[in-house]
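Enquirer: Sharing a structure below in structure tokens format, with a few things to ask.
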Amino acid sequence: MTDLFLNIDAGSINWARAQFALTAIYHWLFVPLTLGLAVIMGICETLWYRKRDTFWRDTAMFWQRLFGINFAMGVATGIILEFEFGTNWSNYSWFVGDIFGAPLAIEGIVAFFMESTFVAVMYFGWKKVSPGFHLASTWLTGLGATISAWWILVANAWMQYPVGCEFNPDTMRNEMVDFFAVALSPFAIGKFCHTVISAWIIGAVFVMAVSCWYLMKRREVRLAKESIKIAAIVGLIATLGAAFTGHISGQQVAKYQPMKLAAMEALYNGGTDQGLTAVAWVNPLCQPDYEKQESAPLKIDMPYALSIMATNDPHGFVPGINDILNGYTRPDGTCEPSVDEKIARGQQAITALAAYRKAKQEGASESVLNSQLSIIKENMPYFGYGYVKDKKDIVPYVPVNFWAFRIMVGLGCLFILYFAIMAILSFRIPYLSVIVRRLLATVGILPETHADMHEITGLPAWHYWTAIALVPLAYIASESGWLVAEFGRQPWTIQDMLPTWVAVSDINGASVALTFFLFLFLFTLMLAVEISILLKQIKRGPEYTEK
């Protein structure tokens, strides 16, 4: 461990990171739609079970058909992601495989088995099982997908906030000592809730877009009307839930990953009474000179909002990039060491580990071994810093984090407004619908005459294109959230424990580059095929059965 990773080709690191990012981004194009459609189709079938109106069964079967197409693509890309841990990140897998492998194994054995079992009943059991059992199978299919997401996000959350483990100097591995600390860490719960709820937004936006397209074509009118109502409620609840869980996630980031929060805010020098940046000029093409700049140029912020978000106190202290690099004193009087100090202590841990292993091989006394073990234990929290050569290496790329965070939040606010308006108009809520219509007419969005408009929303046909345009925006918001989560913790594969250049496999960079372009072609082809099949099925429409 002391010198095993020091001669790995830099190209291997960059290509391995690029390949994993490519696979994860493509995989996340499929997953949120799966989780979102699971809720929509479950609600539709529940309405059929309660009302026994075949319309609801046909509607549920239609959304289930689209769910199945997307589900298959998500499985294919997800499997490749897990293989990459063994091929491109073997040092990582070896170092923490005992911990990281457990939630992934549970996901594969339990959650995926559950999905594959009940998805078969859902598709082929309409005339073979009772309505109640079929309804349960539909919801359990969605629940299985959600449980699958839970265990994957537990693994990811552990990388952000490693708990429930201890380093064993004899095996040179981190070993799990508390499974429930890993599975139920606050980071895991917060990440799961925020991620799954945000996936419901994509499902709601997708259903809204398909329904609005039908209304533009003046076909499948009842399906479109009822689906819009369901999507509006699911979307409104999900957007509000995403805002709430996002606030919780922000507080966890502030507590456990302050450098990520500083990068998200382009906060170079922190302090108390910090405002949340609304806009600022952060050059998207280069890392800012945070050591010389007091703050980002042209900055407009919301007073005290960042302190409130991070600490629930308008006067709370939030450290900036320079504070974290140079060390700072918290309001409670405790000191956070500088990165240079952490590097020195990490190197002490690495040196002591090498001395311990050498002493043990030579049969040294227990006192000699214990003295080295005490040094290792004392400095182990900074072990990963021992491989850092320059303190600037631990600063994430600020432009990506800054702009991705604002894209995510800005689009999230747009979706809250959109779903609120659609819920009011589609359900024709007394007084509120009148007020909304008048406001839209005042700003020129809604003309005064509605004779040529569809009954469901009172909006002209060109406004239905708005719903369709929101589909790529929903994906952009979702992917932006993941960019913040993953770019923000760089250079760490495991926070403070293992930097990327230590975690990567010692393989030829050209080999990884070749597979990168192969995956790029394969995934792009798969995405094109899925979109083509989805569009054909949408144009085909639902298959109605006689009552």
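The values are calculated or read from the model by the stated rules, or taken from the named source; none is laboratory data. This one's a predicted model, so the numbers in the text were calculated from it and none came from an experiment. Because the Cβ atoms are built from the backbone with ideal geometry, glycine has one as well, and the counts that use them run over all protein chains shown. Only protein heavy atoms, including side chains, enter the accessible area calculation; ligands, DNA and RNA are left aside. Shrake-Rupley method; radii C 1.70, N 1.55, O 1.52, S 1.80 Å.
Enquirer: Considering only residues that are closer than 15 Å to LEU223 by Cβ and touching a Gly at 6+ places or on another chain (Cβ under 9 Å), which ones fall in segment 47-62?
Expert: Correct list: ALA60, PHE62.
Enquirer: Given the criterion open to solvent by less than 50 Å² (accessible area, probe 1.4 Å), in a helix (DSSP H, G or I) and at pLDDT 90 or above, identify the matching residue among ALA149, ALA136. Walk me through it before giving the result.
Expert: Details: ALA149 fails: at pLDDT 90 or above.
Result: ALA136 is the single residue among ALA149, ALA136 that is open to solvent by less than 50 Å² (accessible area, probe 1.4 Å), in a helix (DSSP H, G or I) and at pLDDT 90 or above.
One line per residue, one yes/no per condition, for (1) modelled with pLDDT of 95 or more; (2) touching a strand residue (DSSP E or B) at 6+ places or on another chain (Cβ under 7 Å); (3) open to solvent by less than 60 Å² (accessible area, probe 1.4 Å):
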residue: ILE201; (1), (2), (3): yes, no, yes
residue: LYS225; (1), (2), (3): no, no, yes
residue: THR245; (1), (2), (3): no, no, yes
residue: GLU265; (1), (2), (3): no, yes, yes
residue: ASP289; (1), (2), (3): no, no, no
residue: ALA305; (1), (2), (3): no, yes, yes
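Enquirer: Just to be sure I understand, how many residues within segment 492-507 are open to solvent by less than 10 Å² (accessible area, probe 1.4 Å), farther than 19 Å from PHE167 by Cβ and not polar (S, T, N, Q)?
Expert: 1
Enquirer: Being under 22 Å from LEU518 (Cβ atoms), more than 22 Å from the chain's Cα centre (by Cα), surrounded by fewer than 17 Cβ atoms within 10 Å (Cβ to Cβ) and not hydrophobic (A, V, I, L, M, F, W, C) is true for just one of THR46, THR87. Which residue is that?
Expert: THR87
The rows are residues; the columns are (1) of a type in the set (Lys, Arg); (2) modelled with pLDDT under 90; (3) within 21 Å of ALA254 (Cβ to Cβ).
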{"position": "ALA485", "(1), (2), (3)": "no, no, yes"}
{"position": "GLN490", "(1), (2), (3)": "no, yes, yes"}
{"position": "ILE494", "(1), (2), (3)": "no, no, yes"}
{"position": "ALA503", "(1), (2), (3)": "no, yes, no"}
{"position": "ASP506", "(1), (2), (3)": "no, yes, no"}
{"position": "SER511", "(1), (2), (3)": "no, yes, no"}
{"position": "THR515", "(1), (2), (3)": "no, yes, no"}
{"position": "LEU518", "(1), (2), (3)": "no, no, no"}
{"position": "PHE521", "(1), (2), (3)": "no, no, no"}
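Enquirer: Given (1) without any contact (Cβ under 8 Å) to a residue 60 or more places away in the chain; (2) out of contact with any Ser or Thr (no Cβ under 8 Å at 6 or more places or on another chain); (3) surrounded by 21 or more Cβ atoms within 10 Å (Cβ to Cβ), where does LEU425 come up short, assuming only one miss?
Expert: (2)
Enquirer: Still on this model: Which residue, of ALA76, ALA72, is of a type outside the set (Phe, Trp, Tyr) and free of Cβ contacts under 8 Å to residues at least 12 places away in the same chain? Can you show your working first?
Expert: On the way: ALA76 fails: free of Cβ contacts under 8 Å to residues at least 12 places away in the same chain.
Exactly one residue qualifies, and that residue is ALA72.
Enquirer: Let me ask something else. Among (1) surrounded by 22 or more Cβ atoms within 10 Å (Cβ to Cβ); (2) part of a helix (DSSP H, G or I), which single condition is ASN174 missing?
Expert: (2)
Enquirer: Just wondering, is there one or more residues in segment 60-75 that are under 22 Å from the mean Cα position of the chain (by Cα) and not in a helix (DSSP H, G or I)?
Expert: Checked segment 60-75: no residue is under 22 Å from the mean Cα position of the chain (by Cα) and not in a helix (DSSP H, G or I).
Enquirer: Taking the conditions exactly as written (surrounded by 15 or more Cβ atoms within 10 Å (Cβ to Cβ) and on the phi > 0 side of the Ramachandran plot), does TYR328 satisfy them or not? Lay out the reasoning, then the answer.
Expert: Working: surrounded by 15 or more Cβ atoms within 10 Å (Cβ to Cβ): yes; on the phi > 0 side of the Ramachandran plot: no.
The answer is no for TYR328.
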